[in-house]
Amino acid sequence: MNVNELILDKVRSLIFTDLSDGSVIGRLTKLEEPSLQTAAEGEDITDAQGALITKLFRAKTGKFTANNSLFSVDLLALQYGADKELASESDKIIVPIEEILTVENGKVTLSHMPAGEIKHIYKLENGQLATKYTLGAAASASEFAVSDQEITVPTDVTGKIYVEYEYESANAVRVRNSADKFPETVGVKIFAIFRDMCNENIKYAGTIVAKRGKIDSSAIETALTGTGKHSFSIDFMKDYCDDSMEGTDLFSVIVAE
């Protein structure tokens, strides 16, 4: 097979792999605006009159950039150099929550069992925090009481109240952005689909393989909007510990039937 000009149908997915065992540690499937870039430092070689004899290039670099259409927890963990922590029954995660509850018969019921003490609740007026009440041993005109998930509000308080508290969850995910943690070097494989330019029914599988890559953490921007994209950039590096010909590769582009 000796193919040349092809139609790039789409970049289907990207996986990050662990260097130690090759296991997949992250996968993205909604890639937009993917771009594969290379660059090099050039040095002009000139004669005594300054005429260009040739140009030498060195220090070649490779980079892949894209936007993921959806917010990715896997990608966020890789960008922060963090582990993706999964809660369980034996190792729960503390989750902050806020609730707006309607008072019925002088009480409100929380959605979750509080993990700690609730020190304050707030009466809402026109959707805004109005009066602050503090925790007491029993409900009074200025204090509220808590029993498990039930709050007895201060006497004569009606309408809606605002409560902020924390609870333990066995069904949660956490990614910590620590000041001393940065992205690790990973393997990268990018899977694409090509079509024949003369017969679009003929498809080819394309793969970009980089044995060593590192997510650029010099500037990470995560759009916190419904229409925002999760952008990222990966720098490819050669393997200095591999003395074979493949050790000099930044990445390889493979096309197969």
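The values are calculated or read from the model by the stated rules, or taken from the named source; none is laboratory data. Given the structure is predicted, the values throughout are model-derived calculations rather than measurements. Please note: Cβ atoms are built from the backbone with ideal geometry, for glycine as well, and neighbour counts cover all protein chains shown. These area figures cover heavy atoms from the full protein model, side chains too; ligands, DNA and RNA do not enter into them. Shrake-Rupley method; radii C 1.70, N 1.55, O 1.52, S 1.80 Å.
Put a plus charge on the Cβ of each Lys and Arg, a minus charge on the Cβ of each Asp and Glu, and nothing anywhere else: the dipole of the range 174-257 about its Cα centre is then about 460 debye. Coupling constants for the range 129-138 follow from the phi torsions by the Karplus curve (6.51 cos²θ - 1.76 cosθ + 1.60, θ = phi - 60°), and in residue order they are 5, 10, 10, 9, 10, 10, 6, x, 5, 8 Hz; glycine and proline get x.
Cut-off 11 Å, label point 7 angstrom out along Cα-to-Cβ of residue 197: give me the residues of the range 4-45 whose amide nitrogen falls inside. Backbone N within reach: 4-8.
Solvent-accessible area per residue in the range 1-69 equals 69 Å², computed with a 1.4 angstrom probe and all protein chains kept.
Between residue 142 and residue 7, full extension at 0.36 nm per residue minus the direct alpha carbon distance yields a gain of 41.5 nm. The H on the amide N of residue 25, modeled in the peptide plane, is under 5 Å from the matching H of 16, 17, 18, each at least 5 residues off or on a different chain. For the range 209-217, putting each phi into the Karplus relation 6.51 cos²θ - 1.76 cosθ + 1.60 with θ = phi - 60° gives couplings of 10, 10, 5, 9, x, 9, 5, 6, 9 Hz, in residue order, rounded to whole numbers and with x for Gly and Pro. Springs between Cα atoms under 10 Å define the GNM used for the chain, and in it the highest mean-square fluctuation of 53, 15, 215 occurs at 53. Proximity of backbone amide H atoms, modeled 1.01 Å from N, is registered between residue 139 and 145 at under 5 Å, excluding neighbours fewer than 5 places apart on the same chain. Rounded, prolate or oblate: which fits the range 158-257 when a ≥ b ≥ c are the square roots of the eigenvalues of the alpha-carbon gyration tensor, with rounded for a/c under 1.5 and prolate only if a/b beats b/c? Note, shape of the range 158-257 comes out oblate. For the residue pairs 55/181; 84/160; 30/203; 55/229; 30/160; 63/203, the C-alpha atoms sit more than 30 angstrom apart in 55/181; 84/160; 55/229; 30/160. Using the Cα coordinates of the chain, the gyration tensor eigenvalues translate into equivalent-ellipsoid semi-axes of 57, 21, 18 Å, sorted from longest to shortest. Across all Cα atoms of the range 3-93, the radius of gyration (one decimal) and Dmax (whole number) stand at 21.5, 77 Å. Sequence-ordered 3J(HN,Hα) estimates for the range 141-151 from the Karplus curve with 6.51, -1.76 and 1.60 and θ = phi - 60° stand at 5, 10, 10, 10, 10, 10, 9, 6, 9, 9, 10 Hz, glycine and proline given as x.
Of all the options 18, 83, 242, the one that moves most in a Gaussian network model of the chain with Cα springs shorter than 10 angstrom is 242. The calculated 222 nm mean residue ellipticity attributable to helices in the chain amounts to -1000 deg cm²/dmol, summing -39500 (n - 2.57) over DSSP H runs of n ≥ 4 and dividing by all residues. Apolar share of the accessible surface for the chain: 47 percent from carbon plus sulfur atoms, 1.4 Å probe.
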